[in-house]
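Below is one structure; the comments refer to it alone.
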Amino acid sequence: MNPIIPNDPFAVNRRHFFKKSTTGIGGMALASMIAKAYDSDHSGVLGGPGFTPKAKRVIYLFQSGGPSQFETFDHKPYLQKHHGEELPPEAHGRATGMSSNQSSKPMAGSVFKFGKFGKSGQEMNADLLPWTQKIADDICIMRNVYTDAINHDPAITFIQTGAQIAGRPCLGSWLSYGLGTDNSDLPNFIVMVSKNGGGQPLYSRLWGSGFLDSRHQGMQFLSGDDRVLYLKNPRGISNKSRRSMLQKLNALNKEAFYKELDPEIESRIAQYEMAYRMQASVPEASDMSDEPQSTWDLYGEEAKQPGTYAANCLQARRLAERGCQFIQLYHQGWDAHGGLPGSMRDRCKKTDRGSAALVMDLKQRGLLEDTLVIWGGEFGRTPYSQGLIKKDNYGRDHHQACFSMWMAGGGIKGGLTVGHTDKYGSKIVRPDGSPVNANKHHYDKDAIHIHDLQATILHQMGVDHTKLSYKFQGRRFRLTDVHGHKVDHIIA
Amino acid sequence: MTLRKLIVFLIFFTQSLGLGAESVGYNTDVRPILSDKCFLCHGPDKTNNKAGLRLDDEASAYAALKDTPGKHAIVPGSLENSEVWLRINSNDPDEVMPTPESNLVLTDSEKEIIASWIKQGAEYEPHWAFVPLPNKIPVPTTNSVEWPRNPIDNFVVTMLQANDLQPSPEADPVRWFRRVCFDLTGLPPTKIQLDTFQADLKSSPAKAHEKAVDTLLATIQYAEHMTLDWLDAARYADTWGYHSDMNFTAWPYRDWVVRSYQQDLPYNDFVTWNIAGDLLPNATQDQKLATAFNRFNRMTNEGGSDALEFFVDGVSDRVHTMGTAFLGLTMECSKCHDHKYDPITAKDYYQLFSFFNSINENGLYIHGNISPPPSLLLPTDVQKAELKKCKQRVAAAQQKLAQLDNDLGSKFQEWKATVLNSTPSEGGTQPEPLKLSLADLSGHFDFDKDHKQPLESRTPPRPGPDKKAKNNRLIKPKPPSLNLADIHYTKGPKAHGSAIILDGDRGASTSNFFIKDRYTPFSVGLWMKDTLREKRSVVIWQRAHGTEVGYNGIDLRTENGFLTARVFRNWPDNGIGIKTIARIPKNEWHHITVTYDASSTAKGLAMYKNGLPLETKIVGDKLYKSVNTRTYTAGNFTLGAIFRGPGFKGGHVDELITFDRALTPLEVSHIAGLEEINQSARKAADKNLYPYYLSNHNADYRKARNEYAAAQKALVQLEDTFTEVPVMEEMDTPRPAYLLARGEFTAERTEENKVTRDTPAFLLPFPKDAPRNRLGLAQWLTLPNHPLTTRVYINRIWQQLFGNGLVGTTENFGLQGDLPTHPELLDWLCRDFINHNWSTKHLVKQIVLSATYRQDSVLTPELQSLDIANKLLARGPSHRLTGEAIRDSALLTSGLMSDKRGGPPVKPYDPVHNQKGNLDHVHRRSLYSYWRRTKPQNNMIIFDKPSLEVCSVQRGRTNSPAQALVLLNDTQFVEAARNLAANILQKHGDDAARIKAAWKTVTSREATGKEFELLTDILAEQRNYFKANPKEAEAFLKVGLKPLPKDLDPIESAALTVVCQATYNTDAAVWKR
C-alpha cells in the first residue's frame, strides 16, 4: 500500500479559513465543523483582541466564602458606635435562612481600627492589612460591588460563570476561547487552591469550560510533588526512557496516519509532544530554588511552604512571567458566621502579605501594567450580628447588596476608592447619600454589578463583552448574559 | 483553495437538500437565516416583538406594519415593496436591520437568499421537526443495486449520488467487527469473540455479521454501554450536586436502566416509566424506581437556602431534562419569557412545569443520610424476609396488648378493691393513705428561681394543689441539667413559683436526656403562655437534629395560636403530625401535654390542654426509618429554640415534665393540676381508671408494652438499613402552578397567572382520554405520530454509532437547530422503529448491518476536502472513544476487569481523592464508578465526560495534552499495561510472539511490519534501560494494586510493560475506526 499523503493544505489554512469564512451561511456551518475537527488549534475565536488591550493576563485572587467588607475596606463608624443596638428592619437586606429567623438583629461594629494609607489616603483596616496598606496607591478599591445570589454555591458560580446555574463556561475559559494562547509549553489557564484555607467547598465547575471545548477548562496546579495531575512519569520511568518511547509511539501513530489519513492523528501526535514539553516546563515554572533572597524577603517565609496562599502568589507571578493568560487563586475560609474577629485575624494573616507582595513584585518587574490583579469574594456580610453579640465578638451572615473588592494593574486606576454605602453598610448609595436603585437590568455608574465587573475585566483584556459569544442550544451565550457595562471611571 | 471548498460545499449543501440552484426553500435556506438573525426581536416572544412585527409568522409578516401603515415587511413577489429587503440593505445606522447593537450581520449571500425567496413568493413552511411523523415514508429506489443491504442504504446512496460521491468500500470484516463491538458494548472484542467471528466468516460468510450482532446485543455489556449513554441525558450522579455535594442513592436506577436495555424494554415504555412509572396501574417496583429519573435534579443543603427557590429550580430542571432528552427542545429559554426562536410560550413552560411539581417535597435535602421523600425503599430478599418477621413481631405484640386489655378486667377489680377502695383498719378512723404514683417519669424542671440548676438534688415534683403531700411523690427522675444561661424569670402559673421567659434565640437545653425515636413512647407536659402569637411557626420544644434546611426528630410548635405536634424524619412527606383545630388563647397560662404511643401513626399522637384532650387534625401520617438520625447539631432536648430556626420568642414556660410512655387521660389531668391523682382515681369511672391501672400497676401489661416498643425498635432499625431512592409519588391534590414572571421564584402567584396542565399546542394536542398528570404526559410523548420523541431518540442512537447525529444539534430540534442531513431517512427509521414495537435492539441491529455503517472509514483526500465531518456518509464512522470506553478497554484487554456488576458505586484510582484505592473497586467497569456531580473523576473529565449537573446529550471530543498524560502516567493505565505484559510473559516465550500478542490483544489486528519493527525497538531500548537500572524496574512494577506474579523476570516485565503502554497509546487503541 502506498497511499498518497496529502500535505494537509487545510491545516495550513485553517486559521485563515476560519476567520474568512465565518460569514456566509455555508461558511458558518463549515466553520463550526472545522472548529470541531481542528480543536487542537491554538487561536482564539476572536482571532485576537478587538482593540488594544490594557492587560495581557489576569491574576484573580479569589477569597472564597465572602470576606467581610466591614473588617477590610468599608469603614462604618456608625456601627462601631451603636454596637449591640438593634438594626432597623429597612437595613436588614435579603437575609438567608441562617439568620432570618433570628429574633434580634443587633448592629455589629468592627472591632478593628481603620486608617488612611498611601499618598492617596485610601481607607482600610489599620490592624489587619499591614501589607495591603503598602500597595494602597496601586489598587482601586470598589466598595460598591453587588451580586444576585446569597448562598455560596450559586453566588460563586455566578461571579465565575455569569450564571447561578451550572453548565456555563467560567471567566478564564471564556478568555481562553476568545483569545486563544500563544503559549505552547504551559497551560493557559491555571487554578490554585490554598491548602491553608479550608471552609466552604469549591467545585470544578468554577474553572470548568461548560459548553465550550474542554481544552478551555482551567488546569489545577496542586501543592504536592505533582503540580499537575498525571504530569509525573510513573515510578521507574526516566525522562530519557520516556523520550525514546515517545519517539517510537509517534512513529506508530504516524503509521496510523498514513493509513487513515485523518488529521486528528497528527493533532494527537502534537498533543503528545506538548505533554512532554509540559513535563519539563511545569516543574521548571514551579521550582522556586532559583528565587533570590529578595523574593523571600518580600513574600515571607510562608511562601516556602508549597500550597500556602503566599506560595501560590509567588507561583502566580512565575506563571505570569511565563506567559500564562489567566491564573486564579482560591483561598477558602472567609465564611465567618460566628467568631468573625478571630477568623478575620487569621485569614488576613494568611493572605494580606501574599496579595500585596504579588502586586509589588509584579510592579518591580514591570509586569503590573499589563497584568490585571483582582481581589475579592462572592458576596459581602451583614451589618448585624448572626448569633450572639458581645463587645469583642460577633458573626455576620451573607449579604449580597454590597461588598468590597479591589483591582490593580492592567489599566485600572490605582490609589482610588469608588463606591459608597449607607451608614449601616447595608446598601449602595451615591456620594451624597441618596439611594441607588441598580440591578442587572438597570445600570448605574455608582454601583458595580457582577456583570459590570465581568464586562470590565474582559474589556481590560481587549474583549468587548457583547461580542464574545458562543452559540449553544441555538442561543448566543455571553459571560455577561444580556447585561453588563464596563465601569469606565476606574479605567486609567 | 479556500474559496473552491466553500463553493463545493455550498453546492452539495443545497443539492443535498434536493433543490435546484435557482430556487430557495423556506425551511432549508431562509428560515435558518431569519431565525438566527431576526427572530430575537421579531420572533415568537410576543413581549419582545419590536415594531409589533413577527417574521416567524406568515400573517404578521405580510400584514401592514403598525408603525408605518401602508407598508409591509414582506410583500410576496415584490422586493421593492418589502420593507425587510429595504431595511437589510439600508446604509442608515438607524434604519439598517439587524441593528448594529445586535452584533448580528447579514452576509451578501444571506441577503440574496432572502431576495430570491421574496421574489419566489415568500412562502412559509412549517418547521420540519414540528410536523407529525408520517405514517409511511417511501424508500427511494436506486440504480445502485449492488450496494444497499437494507433501506437505510437506499436513502444514503441516493444522497451520495446527488452529490457525485460514491460510498467507500466495505471495511475489512475484522475492522467492522471491532467497530461494532465498541459501538454495541463499549469494549473491544475478546480473543474468543474475535476467533468465533473469524471462524463464522469462514464457515458461513453470509451470516457471520448478523450472528455477531445478535450475540453482542444479547450481552449484558451491551446493556451497560447503552446505559452509560442514557445516564448523561438523565444527569445521573451519585451525589446531590450543590455545595457540600453529599452522596445520594441513585445506583438502583442505574441498575434498572441496565435491566431495561438488556430486556429491550420498548422505548415508549421506557419513556413512560421514566416520566410516570409510579402512576401506572399496580405499578411494579421497577416502574416506581424508573421515576427516580425526575429526582436527579441537583439539590442543596447549604445553610440559609430558600426552599422555594430550590424547589422551583428542581421542578424546572425536570422540565428542561424532559425537553432536551425526549423532545430536543430548549425549554429553559421559556422559563423567563416566551422562547425567542421556537413557538414555546412561557405559559407552555409552566403548563409542563405543573406536571412535575406535585410531589410532597420541600426543595432542599437535609443530609446525605436522609433521602428527600417521596422515596422508595428497596429491601433485598433477605431484608424482606427480616421485615416480614419484624412486622409479625409488632403485630403479635399489639395483639398481646389488646388481649391483656381484654383479659385484665378482674385483676383490675382486685387491685381496685385492695388499693383504692381499702377500708379503714380496725379501730382506725381514716383509710390508709393511697400510694398511687405515675410510673416512667423521666424528668421534671420547675424553673423556680431560687433553685440552682441542675436539678440533681431536687425533690421530685409534687404536682397538684397539695404541694405538701409527701406520699404521692413521683418516681425520682434522672437528673438532666438544663442550661439556663441568659434566661430571664417571671412569675409562674398558680402556685408554681417562678417561670422562664424565652427570647426565641436562646433555648433551655439538655444533653443526654429525652433520647427518642419513633419506637419510644413519651409524654411531655408544660405550662406555657404565648405573649406574641407569631404568625409563623415557632418551636415550643424540640428534640431534633439538623439546621433550618431540615430537621429530623420530635417537636411541638405553635403557629398563630395553632399547635402542631410532630414525629418526623423529613417533613412534609416522611413524618406524622397533628394540629389543633382551635387556637390556644394568647397571654394566658395553659398546661399543654403531648403524648405518643410508639405506633408511628398520627393516631398515636395526642395533645391536651389543661388536662383535657384537644381536638386535632392529622397533618402527616407516613413514617419510615429513624427520626433520630444524627445529621447536624447535637439534637439536645431544647425548650423555645432550634438551631437557626424560629424560636418561641416571648414565650413563658414552667413545670416541664416528661415521661417515657404515653400518659393516660387521667394522668394528664393530674399533671395539669386539675386534680390530685388519689382523689381523681377514687372518683374515676372504670373506663378511665382501667388504662391508668394497666399503664402503672400491671406488670404483665407493662411488660407487653415494653415488648411492643422493642418490636417497633427492631423494625425501625431494620428499615434504616434499607436502600432508599427518591422517586416520584403524586400528591392527592396537585399543587397549583403559576406562570412565574421572569422565571423568578418570588414572582407573584395570582388566579390570573395560574396555569393548568397541558402540552405545547404547536406539537400534538394532548390525547383526549389521557389523565391530566404525568401518565397522560407520557401518553402524549409516546403518541406514534409525535413529531419529536422518536426523531430525537433515533438521532441520539445514530450519533452514538456514527459520531454525529443526522441532526447535528442533538440537543436542539428547534428553529435554531441544524437541519437533518437525511430527513427522510430519519423519519423512515422512526416509523420502522415504532412498527417494530419501539425496539432499540432492532434499530441498532439494522443500522450496524447496513452497507452505510459497514463502509471503511479511511478519510480519503477527496472526502477530506468535500465532507470532512462525514455528513453525507460516504465513509464509515470513526471517532475517539469515550473516556469510559478507553478505560474499560484497558481493563478488559489487560485481564484486570472485574466481572462484578451493579450495586453501590465504587471509587477507581484517582490521584487526588483515591490514591490508594481498593483492589475490589479499581477494576470495575466505569459505569459503576462513583460519579461525584460537582467533580467527576479527573481522568474522565479530561476525556470530555460532561458535567453531571444538567442533562447532556452530546459529548465533546477534544484532543489535549492532558489526555496523553493520563494514558501515559495514570496508575490505572500503567497498571493495565503491566498486567497485560505479565499475562503475555506467562504465555509467550519469545519477543516476537510477545509483541504480536500485546498488539493484537489491544487492537484486534496483527501488527504491520513497520509497527512490529517499532515495537521491537521499544522493547530492546527499554530492556537495556531497565538492565542498567534494575531498581527502576522494581519501582515501575509496583505501580497499582494488582500484585505481579512472583516468578516473572522484573527486567522483562518492565520492558514489555512499556511496549504495552505504547500500544495502549496508539491510534489503533483509542480510536474507533
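The values are calculated or read from the model by the stated rules, or taken from the named source; none is laboratory data. Predicted model, so just to flag it, every value in this text is computed and none were measured. Note that we place each Cβ from the backbone using ideal geometry, even for glycine, and neighbour counts take in every protein chain shown. Please note that ligands, DNA and RNA were not included when accessible areas were found on the heavy atoms of the full protein model with its side chains. Shrake-Rupley method; radii C 1.70, N 1.55, O 1.52, S 1.80 Å.
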**OP:** Test B:Arg518 against the criterion of being under 38 Å from the mean Cα position of the chain (by Cα), away from every other protein chain (no Cβ under 14 Å) and in contact (Cβ under 8 Å) with a residue 40 or more places away in the chain, and give yes or no.
**Re:** yes
Subject >> From B:Lys907, B:Lys916, B:Lys900, residue being surrounded by fewer than 22 Cβ atoms within 10 Å (Cβ to Cβ) and either over 27 Å from B:Ile220 (Cα atoms) or in contact with a Cys (Cβ under 8 Å, 6 or more places away or on another chain) (or both) >> reply: B:Lys916
Original post:
Given the residues B:Ala699, B:Ala710, B:Ala714, B:Ala662, which is the only one that is at pLDDT 90 or above, under 28 Å from B:Ser498 (Cα atoms) and open to solvent by 10 Å² or more (accessible area, probe 1.4 Å)?
Top reply: B:Ala662
Subject >> Hits in the range A:74-121 - residues which are touching an Asp or Glu at 6+ places or on another chain (Cβ under 8 Å), open to solvent by less than 40 Å² (accessible area, probe 1.4 Å) and among the basic types (Lys, Arg) >> reply: A:Lys105
**OP:** Give the range B:195-220 a look and list any residue that's within 39 Å of the chain's Cα centre (by Cα) and either crowded, with 19+ Cβ neighbours inside 10 Å or acidic (Asp, Glu) (or both), or say none.
**Re:** B:His209, B:Glu210, B:Ala212, B:Val213, B:Asp214, B:Leu216, B:Leu217
Original post:
List, please: which pairs have Cβ atoms under 7 Å, are six or more places apart or on different chains, and start with a residue in the range B:978-1005 that is over 23 Å from B:Asp888 (Cβ atoms) and end with one that is polar (S, T, N, Q)?
Top reply: B:Leu985/B:Ser1053; B:Asp991/B:Thr1016; B:Ile995/B:Thr1016
Subject >> Of the criteria (1) within 14 Å of another protein chain (Cβ to nearest Cβ); (2) assigned to a helix (DSSP H, G or I); (3) more than 29 Å from the chain's Cα centre (by Cα); (4) buried (at least 22 other Cβ atoms within 10 Å of the Cβ), which one B:Gly876 fails >> reply: (2)
Original post:
Is it the case that some residue within the range B:855-867 is away from every other protein chain (no Cβ under 14 Å) and farther than 14 Å from B:Val213 by Cα?
Top reply: no
**OP:** Check off (1) in a loop (DSSP other than H, G, I, E, B); (2) over 30 Å from B:Gly328 (Cβ atoms) for B:Arg933 and give me the number that stays unchecked.
**Re:** (2)
Original post:
When residues of the range A:150-165 are filtered for being over 21 Å from A:Leu468 (Cα atoms) and in a helix (DSSP H, G or I), how many remain?
Top reply: 5
Original post:
Just one of B:Pro252, B:Pro188 is more than 14 Å from every other protein chain (Cβ to nearest Cβ), touching a Phe, Trp or Tyr at 6+ places or on another chain (Cβ under 7 Å) and touching a residue at least 40 places away in the same chain (Cβ under 8 Å); which is it?
Top reply: B:Pro188
**OP:** Determine whether the range B:343-354 contains at least one residue that is within 13 Å of chain A (Cβ to nearest Cβ) and more than 25 Å from B:Arg901 (Cβ to Cβ).
**Re:** yes
Original post:
Does the range B:395-407 contain at least one residue that is modelled with pLDDT of 95 or more, assigned to a helix (DSSP H, G or I) and surrounded by 23 or more Cβ atoms within 10 Å (Cβ to Cβ)?
Top reply: no
Original post:
Within the range A:191-218, how many residues turn out to be out of contact with any Gly (no Cβ under 7 Å at 6 or more places or on another chain) and facing chain B (nearest Cβ under 7 Å)?
Top reply: 6
Original post:
Quick check: is even one residue across the range B:375-386 among the basic types (Lys, Arg) and assigned to a loop (DSSP other than H, G, I, E, B)?
Top reply: no
Original post:
What are the residue pairs meeting all of these: first residue in the range A:115-141, first residue on the phi > 0 side of the Ramachandran plot, second residue open to solvent by less than 10 Å² (accessible area, probe 1.4 Å), Cβ atoms under 7 Å, and 6 or more apart or on different chains?
Top reply: A:Gly118/A:Ala136
Original post:
Do we find that B:Lys1027 is open to solvent by 40 Å² or more (accessible area, probe 1.4 Å) and more than 10 Å from chain A (Cβ to nearest Cβ) in this structure?
Top reply: yes
Subject >> Subset of the range B:772-792 (residues that are outside any helix (DSSP H, G or I) and either open to solvent by 50 Å² or more (accessible area, probe 1.4 Å) or without any contact (Cβ under 8 Å) to a residue 60 or more places away in the chain (or both)) >> reply: B:Arg772, B:Leu783, B:Pro784, B:Asn785
Original post:
Limited to the range B:589-638, what total is found for residues that are touching a Leu at 6+ places or on another chain (Cβ under 9 Å) and of a type in the set (D, E, K, R)?
Top reply: 3
Original post:
Any residue in the range A:266-278 that is over 28 Å from the mean Cα position of the chain (by Cα), farther than 27 Å from A:Ile327 by Cα, surrounded by 20 or more Cβ atoms within 10 Å (Cβ to Cβ) and among the acidic types (Asp, Glu)?
Top reply: no
Subject >> Any helices (runs of 4 or more DSSP H) falling wholly within the range B:40-151 and containing at least 2 residues that are modelled with pLDDT of 90 or more, among the hydrophobic types (A, V, I, L, M, F, W, C) and surrounded by 12 or more Cβ atoms within 10 Å (Cβ to Cβ) >> reply: B:83-88, B:108-120
**OP:** Determine, yes or no, whether A:Met344 is among the aliphatic types (A, V, I, L, M), part of a helix (DSSP H, G or I) and over 19 Å from A:Ile135 (Cα atoms).
**Re:** yes
**OP:** Hey, can you tell me all the residues within the range A:230-243 that are open to solvent by less than 30 Å² (accessible area, probe 1.4 Å) and facing chain B (nearest Cβ under 7 Å)?
**Re:** A:Tyr230, A:Leu231, A:Asn233, A:Pro234, A:Gly236, A:Ile237, A:Ser241
**OP:** Would you please name the residue that is surrounded by the most Cβ atoms within 10 Å (Cβ to Cβ), looking only at residues in the range A:128-153 that are of a type outside the set (Asp, Glu) and within 14 Å of chain B (Cβ to nearest Cβ)?
**Re:** A:His152
**OP:** Among the numbered conditions (1) at pLDDT below 95; (2) more than 14 Å from chain A (Cβ to nearest Cβ), tell me where B:Glu302 comes up short.
**Re:** (2)
Original post:
When the residues of the range A:437-478 are filtered to those that are free of Cβ contacts under 8 Å to residues at least 24 places away in the same chain and within 27 Å of A:Gly411 (Cα to Cα), which remaining residue is most open to solvent (accessible area, probe 1.4 Å)?
Top reply: A:His442
Subject >> Selection status of B:Gly883, within 14 Å of chain A (Cβ to nearest Cβ) and within 20 Å of B:Val174 (Cα to Cα) >> reply: no
